[in-house]
1. Looking at the range 1-37 only, could you name the residues that are more than 18 Å from residue 222 (Cβ to Cβ) and charged (D, E, K, R)?
2. Could you say whether any residue in the range 12-22 is modelled with pLDDT of 95 or more and in a loop (DSSP other than H, G, I, E, B)?
3. Given (1) of a type in the set (Ser, Thr, Tyr); (2) surrounded by 21 or more Cβ atoms within 10 Å (Cβ to Cβ); (3) closer than 24 Å to residue 153 by Cβ; (4) in contact (Cβ under 8 Å) with a residue 60 or more places away in the chain, identify the lone condition not met by residue 71.
4. Examine the range 46-59 for a residue that is over 17 Å from residue 159 (Cβ atoms) and of a type in the set (A, V, I, L, M, F, W, C), and state whether such a residue exists.
5. Can you work out which of the residues in the range 50-95 that are modelled with pLDDT of 95 or more and hydroxyl-bearing (Ser, Thr, Tyr) is farthest from residue 160 (Cα to Cα)?
6. Which of the following residues is within 17 Å of residue 11 (Cα to Cα), hydroxyl-bearing (Ser, Thr, Tyr), out of contact with any Gly (no Cβ under 7 Å at 6 or more places or on another chain) and modelled with pLDDT under 95: 125, 153, 139?
7. Residues that are surrounded by 20 or more Cβ atoms within 10 Å (Cβ to Cβ): which helices (runs of 4 or more DSSP H) entirely in the range 118-229 hold 2 or more of them?
Amino acid sequence: MTTVNLLCLPYSGASAMVYSRWRRKLPAWLQVRPVELPGRGARLGEPLQTDMQALARLLATEQRVAANAPYALLGHSLGALLAFELAHELRALGCPPPLALFACGTAAPTRREDYDGNNWRAPKTDDELRNELRELNGTPEEVLANAELMSLTLPVLRADFLLCGRYAYRQRAPLACALHVLGGEDDRASKEQLQAWARETQGPFSLQMFPGSHFFIHEQEDQVLAELAASLAPHRLFA
């Protein structure tokens with residue numbers, strides 16, 4: 001039985017270690033490997049990135065060894081776009097395709113109208129960032145009111161919003177892997193925007209909706225992890 005590396009890209013403002021607890025819940029053959037981005041976590045001393053293509057290229061160089069073993073990519077929100085770009089950059093380096101790409105909680109690259117728009121292309125103020133966090137329903141009010149925590153979080157979040165707002169889709173050959181999209185029923189992205197991910201691969205496509213809002217991956221964690229394991233289990237037999 002083959003071990004599968006699950007490379008997990010973080011969402012806006014988060015460290016990749018947000019996925020570390022998944023290691024205790026997923027089967028042993030599925031190895032969770034959080035991908036830390038510059039400027040946070042263990043890479044706190046590195047400059048924050050605001051160019052998605054440059055960041056994906058950097059990560060591809062760093063992850064090319066892991067990508068030469070059976071692997072899958074997963075990202076939530078900003079992380080989904082980054083995982084998509086990382087898959088293309090790994091292909092450009094000659095790496096094998098992922099067994100699957102899991103894109104969670106965001107519109108397809110070609111259907112981002114009325115989603116992040118022009119208001120994310122310039123740096124946001126601290127108050128604007130706090131309001132965005134409130135709308136996403138993922139940050140307790142006591143955290144938003146903690147000046148010390150916010151002084152660490154807001155610069156990262158500001159850079160991440162610029163990553164999304166300045167993102168430019170590039171037409172390329174579709175990926176050659178399964179592409180599984182996971183969405184929250186009360187999240188911002190519509191089913192049409194999520195379904196549009198299907199054009200980005202020549203492989204199998206699925207769309208699974210879960211109860212909850214933007215952070216359904218935590219609200220419905222057990223169901224999400226069951227979906228990941230079930231989707232990847234057939235691949236490991238032939239990887």
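1. Residues satisfying the conditions are 33, 36.
2. no
3. (3)
4. Within the range 46-59, none of the residues are over 17 Å from residue 159 (Cβ atoms) and of a type in the set (A, V, I, L, M, F, W, C).
5. This residue is 71.
6. Working: 125 fails: within 17 Å of residue 11 (Cα to Cα); 153 fails: out of contact with any Gly (no Cβ under 7 Å at 6 or more places or on another chain).
Testing whether each residue is within 17 Å of residue 11 (Cα to Cα), hydroxyl-bearing (Ser, Thr, Tyr), out of contact with any Gly (no Cβ under 7 Å at 6 or more places or on another chain) and modelled with pLDDT under 95 leaves just 139.
7. On the way: elements: 126-136, 141-144, 147-165, 191-195, 216-219.
Counting at least 2 such residues, we get 126-136, 147-165, 191-195, 216-219.
Here is a yes/no grid of residues against (1) at negative phi; (2) within 13 Å of the chain's Cα centre (by Cα); (3) outside any loop (DSSP other than H, G, I, E, B):
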| position | (1), (2), (3) |
| --- | --- |
| 42 | yes, no, yes |
| 46 | yes, no, no |
| 50 | yes, no, no |
| 62 | yes, no, yes |
| 79 | yes, yes, yes |
| 86 | yes, yes, yes |
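The values are calculated or read from the model by the stated rules, or taken from the named source; none is laboratory data. All values derive from a computational prediction rather than experimental measurement. Quick reminder, even Gly has a Cβ in these numbers, built from the backbone with ideal geometry, and neighbours come from all protein chains shown.
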